[in-house]
Amino acid sequence: MTAPCNQRPLPVRNELIGRTPYGAPQIDVDVRMNTNESPHAPSPAVVEDIRAAVAEIVGDLNRYPDREAVTLRSLLADYLQATTSVPLSSDHIWAANGSNEILLQTMQAFAGPGRSALGFEPTYSMHRSVTEATGAAYHTVARREDFGIDAATALAAVEYHRPDVVFICNPNNPTGTYTDLDTIEAIYDATAGIVIIDEAYIEFCTHPSAARLLTGRPRLLVIRTISKAFGLAGVRVGYLAANPEVVAALRLVRLPYHLSSLTQAVAVAALSRRVELLSTVPEVVTQRERIVDGLSAMGLQVYPSDANFVLFSVPGDAAALWQRLVDRQVLIRDVGIPGHLRVTAGTAEETAAFLETIRTSL
Ligand SMILES: *Cc1c(COP(=O)(O)O)cnc(C)c1O
């Protein structure tokens, strides 16, 4: 006799059994410095522009959005061209719901069963996640003790694993480490696969973007987001710059109309004021440096950061310290590296609150 339906185990894929969903705890405390968002809300002028842009399109919501998001992609191309001096048009740009969706679409197009990707750990855990979600294997290479990528080790790993995709998060999350373009070039030359440079934090960095390597490198993908430096994490827009053939490949896997009319309208309105949005970056960098100095003065080991967050090591149990901070209304991130915690640069007030709270919680 067959068991009643409700007693059968749910037939989820074997590789998902025992997994936990990705995501930092969203806890309602006074000081939230855990997910690398901007602490600065959009200015009243930007808010007004967004409001007007949404008002203009709500009456057309019975229609599907522009499937190709051409206006948005052109604006993103303008921005990249203006900041990197690389000639780019909308044909080189793809946009999706956050760079996480760009990463997933990239792996749907270039990974999959029987293929593999390579990452330099510790790094952004979604790289492994999206790789494995497509049925591909994820190989890892350890970063150096200072969290830099050792070029010789990287080339040997590429030679050994022959990955279809190599991920380089630059600057790296959660360590803040920048990898120089010579190393990226060497890795590109050593592999026949796709090389993804995840530049979610590049605007906080004084070093060059890998976008300047795009010309003549059709397997190089530079992935960006408006969630961090632009301060628009709630909009959910990420983008990619690459050879137009890469964009054509992503079109094969994207869902039709994946970017809603609302998302496109809001992103276009906001990006039309990109200089204003990015004007908060120097202040975020100032607070980041204040965190580096403050934690160092407490005798903690702090890693230099080119992003909007700081990784540091703590004496004793990092998870227990994390909880003590939460209990005192300060939320930072336990990134799962034993003995380490990561904190996002906040406003001047939030940063002061964090430094004072941790000083008295150690
Ligand atoms: C935050 C982050 C992203 C994802 O951002 P989206 O909000 O999905 O655009 C991608 N890569 C890294 C390394 C990140 O830290």
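The values are calculated or read from the model by the stated rules, or taken from the named source; none is laboratory data. Not measured: the values here are computed from a predicted model. Counting neighbours? That spans all protein chains shown, and the Cβs are built from the backbone with ideal geometry, glycine included. Side chains are part of the model used for accessible areas, which takes the heavy atoms of the whole protein and leaves out ligands, DNA and RNA. Shrake-Rupley method; radii C 1.70, N 1.55, O 1.52, S 1.80 Å.
Would you be able to say whether some residue in region 284-306 is touching a Cys at 6+ places or on another chain (Cβ under 7 Å) and modelled with pLDDT of 95 or more?
So far as region 284-306 goes, yes, one or more of its residues are touching a Cys at 6+ places or on another chain (Cβ under 7 Å) and modelled with pLDDT of 95 or more.
Anything in region 223-250 that is more than 12 Å from the ligand (Cβ to nearest atom) and in contact (Cβ under 8 Å) with a residue 12 or more places away in the chain? List them, or say none.
Ala241, Ala242, Asn243, Pro244, Glu245, Val246, Val247, Ala249, Leu250 - these are the residues of region 223-250 that are more than 12 Å from the ligand (Cβ to nearest atom) and in contact (Cβ under 8 Å) with a residue 12 or more places away in the chain.
Just to be sure before I move on: is Tyr257 aromatic (Phe, Trp, Tyr) and open to solvent by 40 Å² or more (accessible area, probe 1.4 Å) in the structure I sent?
When the stated conditions are applied, Tyr257 passes them.
Give me the residue from region 73-94 that is more than 20 Å from Leu252 (Cβ to Cβ) and of a type in the set (Gly, Ala, Ser) and, out of that set, least open to solvent (accessible area, probe 1.4 Å).
Ala77
Report whether or not Asp30 is in the same structural domain as Leu311 (by TED's automatic domain parsing), at negative phi and modelled with pLDDT of 95 or more.
yes
For region 160-187, which positions are aromatic (Phe, Trp, Tyr), in contact (Cβ under 8 Å) with a residue 12 or more places away in the chain and away from the ligand (no atom under 11 Å from the Cβ)?
Answer for region 160-187, where residues must be aromatic (Phe, Trp, Tyr), in contact (Cβ under 8 Å) with a residue 12 or more places away in the chain and away from the ligand (no atom under 11 Å from the Cβ): just Tyr178.
Could you tell me whether any residue of region 188-196 is away from the ligand (no atom under 16 Å from the Cβ), closer than 17 Å to Ile93 by Cα, modelled with pLDDT of 95 or more and surrounded by fewer than 19 Cβ atoms within 10 Å (Cβ to Cβ)?
No, that holds for no residue.
Within region 198-222, track down each residue that is closer than 16 Å to Trp94 by Cα, away from the ligand (no atom under 13 Å from the Cβ) and either outside the structural domain of Pro171 (by TED's automatic domain parsing) or part of a loop (DSSP other than H, G, I, E, B) (or both).
Once the filter is applied, which keeps residues that are closer than 16 Å to Trp94 by Cα, away from the ligand (no atom under 13 Å from the Cβ) and either outside the structural domain of Pro171 (by TED's automatic domain parsing) or part of a loop (DSSP other than H, G, I, E, B) (or both), region 198-222 yields Leu214, Pro218, Arg219.
What residue, of Val47, Val86, is more than 16 Å from the ligand (Cβ to nearest atom) and touching a helix residue (DSSP H, G or I) at 6+ places or on another chain (Cβ under 8 Å)?
The conditions single out Val86.
If only one of Ala157, Ala69 is within 16 Å of the ligand (Cβ to nearest atom) and open to solvent by less than 20 Å² (accessible area, probe 1.4 Å), which one is it?
After ruling out the rest, the residue left standing is Ala69.
Determine whether region 95-105 contains at least one residue that is away from the ligand (no atom under 12 Å from the Cβ), touching a residue at least 40 places away in the same chain (Cβ under 8 Å), hydrophobic (A, V, I, L, M, F, W, C) and open to solvent by less than 10 Å² (accessible area, probe 1.4 Å).
No - not one qualifying residue is present in region 95-105.
Looking at region 139-153, is at least one residue within 13 Å of the ligand (Cβ to nearest atom) and farther than 23 Å from Ala270 by Cα?
No, the conditions are met nowhere in region 139-153.
If I filter region 221-232 for residues that are open to solvent by 40 Å² or more (accessible area, probe 1.4 Å) and either in contact with an Asp or Glu (Cβ under 9 Å, 6 or more places away or on another chain) or over 24 Å from Asn36 (Cβ atoms) (or both), do I get at least one hit?
Within region 221-232, none of the residues are open to solvent by 40 Å² or more (accessible area, probe 1.4 Å) and either in contact with an Asp or Glu (Cβ under 9 Å, 6 or more places away or on another chain) or over 24 Å from Asn36 (Cβ atoms) (or both).
Give me a count of the residues in region 106-138 that are open to solvent by 20 Å² or more (accessible area, probe 1.4 Å) and away from the ligand (no atom under 16 Å from the Cβ).
Selection size over region 106-138: 9.
Within region 252-260, identify whether any single residue is in a strand (DSSP E or B) and under 20 Å from the mean Cα position of the chain (by Cα), and answer yes or no.
no
Give all pairs with beta carbons closer than 9 Å in which a residue from region 334-362 that is more than 19 Å from Ala41 (Cα to Cα) meets a residue that is aromatic (Phe, Trp, Tyr) and assigned to a loop (DSSP other than H, G, I, E, B); count only pairs at least 6 apart in sequence or on separate chains.
As it stands, the answer is His340/Tyr303, since those pairs meet every condition given.
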